[in-house]
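Asker: Pasting in a structure now, in structure tokens, and then I'll have a few things to ask.
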Amino acid sequence: MTDAFPVERRLPRGELVIALGVLALAGVVYWQSASIPVSPIFAKVGPTVVPYLIAAVLAALGALLVLSAVRGGWQPLEEKESTPDRAALAWIAAGLAFNAVLIGPLGFTLASTLMFTCVARGFGSQRPARDAALGLVMALASYFGFAKVLGINIGAGLVENALGRF
């Protein structure tokens, strides 16, 4: 049965932007993979195989997302009608920004602890002291896991240098 007055469908712009962003990311990964130097020692499997595979998977997922967006989008109607929680987004964005700005001067542990606390607040936590303690424990475990186990320095700072003396 057809409607006498068809309803005009709008293209979900936000979902299309995300889909095109995934396609753009695939392009960047492919472009950067092409700049990886490959020694002639490698016959078929070299250092570019996995990045090219990731670019191909991202391109396929981006194409599927574009197709889904053109067909009406992937969000349920309830989500499309809800308003985003801008305060939560601001807390999460602030945590990421603090981490990027403070990881150099303060080190991985303090910057990551602050980021964890801000993200937890963005997700609705009302207990910043508990969140900071959990973030500190996880940041220290991550830092020393990389530094001591793998031998990779991911940003020593005040806390790491103080604890490294012991």
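The values are calculated or read from the model by the stated rules, or taken from the named source; none is laboratory data. Bear in mind the structure is a predicted one, so any value in this text is a computation, not a measurement. Ideal geometry is used to build each Cβ from the backbone, glycine not excepted, and the neighbour counts take in all protein chains shown. Accessible surface areas use protein heavy atoms only, side chains included; no ligands, DNA or RNA. Shrake-Rupley method; radii C 1.70, N 1.55, O 1.52, S 1.80 Å.
Asker: Using a Förster distance of 45 angstrom, determine the FRET efficiency expected from the C-beta separation of Ala162 and Ala63, and round it to 0.05.
Answerer: 0.35
Asker: Shape verdict for the stretch 74-166, please, from the Cα gyration tensor: rounded (a/c under 1.5), prolate (a/b greater than b/c) or oblate. Walk me through the intermediate numbers first.
Answerer: Working: a/c = 2.68, a/b = 2.36, b/c = 1.13.
Prolate, since a/c reaches 1.5 and a/b exceeds b/c.
Asker: Quick one: longest stretch of the chain between exposed loop trypsin sites (Lys or Arg not before Pro), exposed meaning at most 13 other C-beta atoms within 10 Å and loop per DSSP?
Answerer: No qualifying site falls inside 72-164, the longest such stretch.
Asker: Compute the accessible area per residue over the stretch 51-166, keeping the other protein chains in place, probe 1.4 Å, unit Å².
Answerer: Per-residue value: 65 Å².
Asker: Could you check the spin-label model distance between Trp74 and Val38? Points 7 Å from the Cα along Cα→Cβ, value in nm.
Answerer: A separation of 3.0 nm, rounded to one decimal place.
Asker: Tell me what the chain gives for mean residue ellipticity at 222 nm when only DSSP H runs of n ≥ 4 count, each as -39,500 (n - 2.57), the sum divided by the residue total, rounded to 500 deg cm²/dmol.
Answerer: Values: 7 runs with 109 residues, N = 166.
Rounded to the nearest 500, it is -21500 deg cm²/dmol.
Asker: In whole percent, and with a 1.4 Å probe on the protein chains, what portion of the accessible area of the chain is carbon and sulfur?
Answerer: 70 percent
Asker: Follow-up. Just to confirm my numbers, what's the Cα centroid distance between the stretch 38-78 and the stretch 131-165 in Å?
Answerer: 33 Å
Asker: Over the Cα atoms of the chain, what is the Rg over Rh ratio if Rh follows Kirkwood?
Answerer: Rg/Rh: 1.12.
Asker: What is the distance, in nm, between label points placed 7 Å from the Cα along the Cα-to-Cβ direction at Leu20 and at Leu89?
Answerer: Modelled inter-label distance: 1.8 nm.
Asker: Taking the Cα centre of the chain as origin, work out the dipole magnitude from +1 charges on Lys and Arg Cβ and -1 charges on Asp and Glu Cβ, in debye rounded to 20. Please report the intermediate quantities before stating the final value.
Answerer: Values: 12 positive and 9 negative charges, 80 e Å.
Once rounded to the nearest 20, the dipole reads 380 debye.
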